[in-house]
Amino acid sequence: MRFIFHYPEQNGPEGDILDAGPLQEVAIAAERSGFDGFSLSEHPVPGARWLHSGGHQTLDPLIALGFVAGVTERLRLLTNLVVAPYRNPFLLAKAAATVDKLSGGRLILGLGTGYQKSEFHALGVDMDERNALFDEALDVLPLHWHGEPFSYAGRHFSARDVIARPRPVQSPVPVWIGGNSKPTHRRVAERAQGWLSMTGGAQLSATARTPALGSVSELAVTIAQLREAAAAAGRTEEIDVSYSYSGEGIQQPAVEPDRHREALAEIENAGVTWVIVSSRVPDRAATLEFIEGFGSTYLS
């Protein structure tokens, strides 16, 4: 099981988005401390009401991960996650291929269908079409990345005999799909390389319009079913599963480490392959202290 550090988000409209520490410094510290990946979220134009009620600000994840790629050597770069329906899929494919090419093949493209009505309205995207647009993106991404001529007619575009370069280093760039719904599980089993399970309890599930994840034992059943469905669909590669761990007290990683080790072992036994953690405190000193403490306690 491998570990990803998620850059802490700044909640609310106040403060600077990099209060948790300079991105370069934090990414280098995460790599040095033994983390295997680094992730960033996305909200291009969040609603003011949502921000005032605890929502978070974000950088553009693909641009920022391109920057992280330039200051690190081995960290996997995860979008956690990009809302695919917000973008023309060719622009999404180009940005992803660029980051993968420049990073030497380190991108993991985490995708979701989105849930904020205000963002859909602001971006001129029909929220009722988000599932159809998401499936179009899953069609287009591998066609674009293949680097050979293709044609594709979508709901709002028509590409005729086009070709896109550069090819990404990875073939394909791993796509992880976020959410806990049955359509998400079906898409992962049939078309993706990983599942971004959504933890955080009932409130987050309601906000994100996805079912609650349930207990770790229930998660184990879901993972087994997902992998069985992938095998039935003719898939032979392993399907990765990520889990955001926020066990009580983990903000002080060296306190009660055995309790957290037991919890992490249970998660691993359930079939999880990647764990995402974050300091959740927008303060440079606290961020670096958490990274170093987590690394020395659990990753060394």
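The values are calculated or read from the model by the stated rules, or taken from the named source; none is laboratory data. Quick caveat: nothing in here was measured; it's all calculated off a predicted structure. Quick reminder, even Gly has a Cβ in these numbers, built from the backbone with ideal geometry, and neighbours come from all protein chains shown.
Values computed for the structure shown
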{"quantity": "Identity of the residue in region 269-283, out of contact with any strand residue (DSSP E or B) (no Cβ under 8 Å at 6 or more places or on another chain) and either surrounded by fewer than 16 Cβ atoms within 10 Å (Cβ to Cβ) or β-branched (Val, Ile, Thr) (or both), that ends up farthest from Thr79 (Cα to Cα)", "calculated": "Asn269"}
{"quantity": "Region 66-96, residues that are of a type in the set (Phe, Trp, Tyr) and either surrounded by 17 or more Cβ atoms within 10 Å (Cβ to Cβ) or at pLDDT below 95 (or both)", "calculated": "Tyr86, Phe90"}
{"quantity": "Filter result for Thr287 (at pLDDT below 95, of a type outside the set (D, E, K, R) and within 30 Å of Thr58 (Cβ to Cβ))", "calculated": "no"}
{"quantity": "Ile63, sole failed condition from (1) under 15 Å from the mean Cα position of the chain (by Cα); (2) crowded, with 19+ Cβ neighbours inside 10 Å", "calculated": "(2)"}
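To keep it simple, each residue is scored yes or no on (1) more than 20 Å from Ala29 (Cα to Cα); (2) in contact (Cβ under 8 Å) with a residue 40 or more places away in the chain; (3) among the small types (Gly, Ala, Ser).
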{"residue": "Gly55", "(1), (2), (3)": "yes, yes, yes"}
{"residue": "Leu59", "(1), (2), (3)": "no, yes, no"}
{"residue": "Leu65", "(1), (2), (3)": "no, yes, no"}
{"residue": "Val68", "(1), (2), (3)": "no, yes, no"}
{"residue": "Val71", "(1), (2), (3)": "no, yes, no"}
{"residue": "Leu91", "(1), (2), (3)": "yes, no, no"}
{"residue": "Lys94", "(1), (2), (3)": "yes, yes, no"}
{"residue": "Lys101", "(1), (2), (3)": "yes, yes, no"}
{"residue": "Gly112", "(1), (2), (3)": "yes, yes, yes"}
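Here's the yes/no breakdown for (1) of a type outside the set (Phe, Trp, Tyr); (2) touching a residue at least 60 places away in the same chain (Cβ under 8 Å); (3) in a helix (DSSP H, G or I); (4) closer than 14 Å to Ser197 by Cα:
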site	(1), (2), (3), (4)
Ser242	yes, yes, no, yes
Gly247	yes, no, no, no
Ala254	yes, no, no, no
Ile267	yes, yes, yes, yes
Val272	yes, yes, no, yes
Ile276	yes, yes, no, yes
Thr287	yes, yes, yes, no
